[in-house]
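Novice: Let me begin by handing over the structure; questions about it come next.
The values are calculated or read from the model by the stated rules, or taken from the named source; none is laboratory data. Please read these numbers as outputs of a predicted model, since none were measured by experiment. Here the Cβ positions follow ideal geometry from the backbone for every residue, glycine too, while neighbour counts run over all protein chains shown. The accessibility values were calculated without ligands, DNA or RNA, using every heavy atom of the protein model including side chains. Shrake-Rupley method; radii C 1.70, N 1.55, O 1.52, S 1.80 Å.
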Amino acid sequence: MRYLILSDIHSNLTALEAALAAAEGRWDKAICLGDLVGYGPDPNEVVDRIRALDATTIRGNHDRVCCGLTDAEDFNPVARGAVNWTRQQLRPENQEYLQALPPGPMNLNGMVLIHGAVRDEDEYVIAPGQALASLLEASSDLSFFGHTHLQGGFSFHDNQLAVIHPKYGPQAGFWPLHVEKETRYLLNPGSVGQPRDGDARSAFIIADIDHQIIEYWRVPYEIRAVQQRMFRAGLHESLILRLALGR
Ligand code: ZN
């Protein structure tokens, strides 16, 4: 079984389509780790596309806030502006779809799906010390998380915690990670629609469970087309500019 693992799409349909085109024919089941919406110009289009894929999806903090389950008071003013815009755009059936999304952690075929951390869907796992709790608490050796928009992750073997840095070149393509026995993994596919690891390309994972190989993918997309739609929608300049910076 090969899983296409998407996270943090953030209403960026162009990036999502580029990722799906690159992954075409290489996966059997799609997974989304949350934050379908927020920040970008295409909330309905992205929700429609994920629904059409029949992806197994958990909610992210932006999904929860943009569909009105919780308020945006913890968000910074720029993010809150995008929330308000997204709330006005979402069609009722897409709002209901987001409201019904389950929170993580979710167990799926020996994997654990998380938006932030095992104990808190809003927690950012960036440093190894922050990863340790989820590595110890997850109910399976193989967990996937999002929220930070940083592709990579952590492994834990023989009481040694290691950071995983995918090593790919400037070409579109993937870097393979071989899953070792008796090792725990907490892996982040990166963000499809708003990368923050200094690489502006769309990020995702294809996990080949039968062959125990995790492919970390990076794919370019037409950033300017998204920036133009964001400008026309009146979304904040800093959100428009950061797409090309990958920050
Ligand atoms: Zn996010």
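Novice: If L36 meets every condition in (1) within 16 Å of the ligand (Cβ to nearest atom); (2) in contact with a Phe, Trp or Tyr (Cβ under 6 Å, 6 or more places away or on another chain) apart from one, which number is that one?
Specialist: Exception for L36: condition (2).
Novice: What are the residues in the stretch 175-227 that are within 16 Å of the ligand (Cβ to nearest atom), of a type in the set (G, A, S) and more than 15 Å from I5 (Cα to Cα), if any?
Specialist: A200
Novice: With respect to L132, determine if the residue is over 24 Å from L235 (Cβ atoms), surrounded by 15 or more Cβ atoms within 10 Å (Cβ to Cβ) and of a type in the set (A, V, I, L, M, F, W, C).
Specialist: yes
Novice: Go through (1) within 16 Å of the ligand (Cβ to nearest atom); (2) free of Cβ contacts under 8 Å to residues at least 12 places away in the same chain; (3) in a loop (DSSP other than H, G, I, E, B) one by one and return the number of the condition A117 breaks.
Specialist: Going through the list (1) within 16 Å of the ligand (Cβ to nearest atom); (2) free of Cβ contacts under 8 Å to residues at least 12 places away in the same chain; (3) in a loop (DSSP other than H, G, I, E, B), A117 breaks only (2).
Novice: Every residue in the stretch 1-17 that is β-branched (V, I, T) and within 12 Å of the ligand (Cβ to nearest atom), please.
Specialist: I9
Novice: Hey, any hits in the stretch 168-180 for a residue that's open to solvent by 60 Å² or more (accessible area, probe 1.4 Å) and more than 27 Å from V219 (Cα to Cα)?
Specialist: No, the stretch 168-180 contains no residue that is open to solvent by 60 Å² or more (accessible area, probe 1.4 Å) and more than 27 Å from V219 (Cα to Cα).
Novice: For the stretch 135-147, what are the residues that are open to solvent by less than 10 Å² (accessible area, probe 1.4 Å) and of a type outside the set (G, A, S)?
Specialist: Result: L135, F144, F145, H147.
Novice: Would you confirm whether any residue within the stretch 39-54 is within 16 Å of A207 (Cβ to Cβ) and either open to solvent by less than 10 Å² (accessible area, probe 1.4 Å) or of a type in the set (S, T, Y) (or both)?
Specialist: No, because not a single residue in the stretch 39-54 is within 16 Å of A207 (Cβ to Cβ) and either open to solvent by less than 10 Å² (accessible area, probe 1.4 Å) or of a type in the set (S, T, Y) (or both).
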